[in-house]
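A short worksheet on the structure shown next.
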Amino acid sequence: MTDTPIDSGQVARWAEAVAGVAQTGLAFTESAYDSERFEELLAIAGDMLHATAPDTPARDSASTWLASVVNGVPGYVTPKIGIGAFVANDKGELLLIKRSDTHQWLFPTGWADIGYSASEVVVKEVAEECGLDVEPMQLVSVIDSMQSGSRIPHYTIAFRCRLLGGKLRAHPLECEDVGWFSQDKMPEPLYGTGAWVPRAFAAIRGEVKDAFFDLPRQDVWRSLPD
């Protein structure tokens with residue numbers, strides 16, 4: 001046992017993991033008994049999530065998870081995929097957007113769309129969010145965003161992109177603002193823990209040689225993240 005307090009992000013991660021196991025179980029089971037047990041797990045996960053965000057009713061979370069269950073392989077619950085872009089201007093400044101949903105600053109990013117490759121999504125997202133044309137040059141990182149402060153289970157795939165042209169403008173619905181920033185003059189508030197900042201600037205300076213990924217944790221469910 002440890003006296004180290006467990007933060008709300010850790011509890012939320014456990015809740016989402018329990019809910020994912022239960023949803024996948026419901027997608028594959030043909031047993032009414034097992035279905036009852038999996039639904040009970042969803043209720044427990046909802047209580048856990050409610051403990052981290054009291055404004056979210058526990059049973060609403062459980063009902064949302066249950067309503068999203070699809071039978072068979074399509075119902076196997078996996079993390080979402082986000083695609084992001086590290087783009088620099090000729091001054092070595094990083095392109096950032098202020099997201100309308102979180103009101104925080106982050107590099108351009110969006111959910112992967114079916115029918116597009118990851119590199120095609122990144123081109124589309126930068127054009128839609130910022131009005132700029134870019135070319136993906138390098139895969140920089142694949143990270144577990146829940147370890148970076150997100151409450152939504154997803155992996156973020158980030159590319160270093162070369163600026164080709166276009167006119168900088170913020171998407172009227174998705175972005176509150178957009179701009180170029182140097183590493184010593186980053187805007188506030190930043191999205192997540194901000195651990196992505198040095199990685200992004202290292203990438204646009206050409207210092208990243210190998211793609212970054214989260215290393216396996218020694219004890220995934222009992223230890224706190226570093």
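A compact table of results
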{"read-out": "Residue within segment 65-76 that is touching a His at 6+ places or on another chain (Cβ under 7 Å) and under 28 Å from Ile114 (Cα atoms) present", "value": "no"}
{"read-out": "Some residue of segment 9-29 being modelled with pLDDT under 90, under 19 Å from the mean Cα position of the chain (by Cα) and surrounded by 20 or more Cβ atoms within 10 Å (Cβ to Cβ)", "value": "yes"}
{"read-out": "Which numbered condition Gly110 misses (of (1) assigned to a loop (DSSP other than H, G, I, E, B); (2) in contact with a helix residue (DSSP H, G or I) (Cβ under 7 Å, 6 or more places away or on another chain))", "value": "(1)"}
{"read-out": "Boolean, Tyr155 is assigned to a loop (DSSP other than H, G, I, E, B) and aromatic (Phe, Trp, Tyr)", "value": "no"}
{"read-out": "Residue in segment 61-74 that is of a type outside the set (Gly, Ala, Ser) and farther than 26 Å from Tyr155 by Cβ present", "value": "no"}
{"read-out": "Condition check for Arg217: over 14 Å from Leu96 (Cβ atoms), assigned to a loop (DSSP other than H, G, I, E, B), touching a residue at least 40 places away in the same chain (Cβ under 8 Å) and of a type in the set (Lys, Arg)", "value": "no"}
{"read-out": "Filter result for Arg162 (under 30 Å from Ser61 (Cα atoms) and either surrounded by fewer than 15 Cβ atoms within 10 Å (Cβ to Cβ) or modelled with pLDDT of 95 or more (or both))", "value": "no"}
{"read-out": "From the options Ser100, Ser145, Ser119, residue that is within 30 Å of Trp221 (Cα to Cα) and in contact (Cβ under 8 Å) with a residue 12 or more places away in the chain", "value": "Ser145"}
{"read-out": "Within segment 201-224, considering residues that are under 13 Å from Ala88 (Cβ atoms) and among the aliphatic types (A, V, I, L, M), the one surrounded by the fewest Cβ atoms within 10 Å (Cβ to Cβ)", "value": "Ala202"}
{"read-out": "Every pair of residues 6+ apart whose Cβ atoms lie under 9 Å, when the first sits in segment 42-58 and is assigned by TED's automatic domain parsing to the domain that holds Ala12 while the second is aromatic (Phe, Trp, Tyr) and surrounded by 14 or more Cβ atoms within 10 Å (Cβ to Cβ)", "value": "Leu42/Trp65; Ala45/Trp14; Ala45/Trp65; Gly46/Trp65; Met48/Trp14"}
{"read-out": "Whichever residue in segment 169-200 is in contact (Cβ under 8 Å) with a residue 40 or more places away in the chain and over 25 Å from Ile152 (Cα atoms) and, among such residues, is surrounded by the fewest Cβ atoms within 10 Å (Cβ to Cβ)", "value": "Ser182"}
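The values are calculated or read from the model by the stated rules, or taken from the named source; none is laboratory data. Bear in mind the structure is a predicted one, so any value in this text is a computation, not a measurement. A quick note on method: Cβ atoms are made from the backbone with ideal geometry, for glycine too, and the neighbour counts reach across all protein chains shown.
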